[in-house]
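What follows draws every value from the coordinates through simple rules; no lab data is involved. These numbers come from a predicted model, not from an experiment. Positions of Cβ are generated from backbone atoms using ideal geometry, with glycine treated the same way; all protein chains shown enter the neighbour counts.
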Amino acid sequence: MDPFLSLLHSFSMSLSDSELSALKFLCLSKIGKRKLESVKTGNDLFTILLEQREIAREKVDFLQLMIKTIKREDLIMQLQEFIEGGQGDVVDHLDEKEKCQQNVAFEVICDNVGKNWKMLVRRLGISDTKIDRILTANPYNLQEQLMQSLREWQKWRGKEAKVADLIKALRDCKMNLVADKVEHELFQWED
């Protein structure tokens with residue numbers, strides 16, 4: 001899986017409706033109004049920008065400008081890390097199957113773990129200092145706080161970051177329903 005696409009997907013998941021609306025407005029000069037009306041998610045918008053070659057792995061100026069305009073400092077930091085090689089390199093150490101499984105697991109966890117997410121990431125070994133840094137970067141977005149914590153765990157563990165460890169941590173935190181959903185989604189994904 002392409003690390004740049006993973007980054008864009010992460011951005012998409014963290015965008016509020018008003019932020020997506022602002023990004024669509026900023027793209028009026030690049031994308032026709034009719035096409036923009038069909039955009040319902042950040043992924044839809046990024047797909048069009050990729051197709052029109054307005055953004056690419058090595059061409060992020062427009063993306064950076066859009067993110068700065070909507071004042072999402074956390075996303076700017078992630079993009080900067082990606083540009084400097086941080087985000088892409090970590091994920092590249094994992095085999096393709098494990099990367100896909102982690103992406104599926106991360107999505108399910110972010111969609112289903114609520115306000116007790118800190119208990120989960122502590123169980124995974126993320127320090128309170130890192131949790132505080134993530135909270136500061138994403139003050140009002142619970143899903144993004146959790147996603148960034150999971151990415152931090154992925155970066156810290158490298159090749160040792162296994163979905164089985166995520167499932168075990170969920171079960172240790174008595175989040176059995178979420179663990180079951182992760183297992184179910186992985187089963188569906190492998191079929």
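See the values below:
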quantity	calculated
Net charge, residue 26 excluded, C-beta distance under 12 Å - Lys, Arg +1, Asp, Glu -1	+1
Computed P(r) (all Cα pairs; region 94-190; 5 Å bins; percent)	3, 14, 27, 26, 19, 9, 2, 0
Debye log10 I(q)/I(0) at q = 0.13 Å⁻¹ for region 3-89, Cα point scatterers	-0.37
Dimensionless Rg ratio for the chain, taking C-alpha atoms and the 2.2 N^0.38 Å reference	1.04
Loop sites in region 1-90: GluC sites (Glu not before Pro), DSSP, at most 12 other Cβ within 10 Å	58, 84
Cα gyration tensor shape of region 135-187, rounded if a/c is under 1.5, else prolate or oblate by comparing a/b with b/c	oblate
Angle between the chain longest axis and helix 142-157 axis [Cα atoms, degrees, rounded to 10]	60 degrees
For residue 119, net neighbour charge (Lys/Arg +1, Asp/Glu -1) across residues whose Cβ lies under 10 Å away	+4
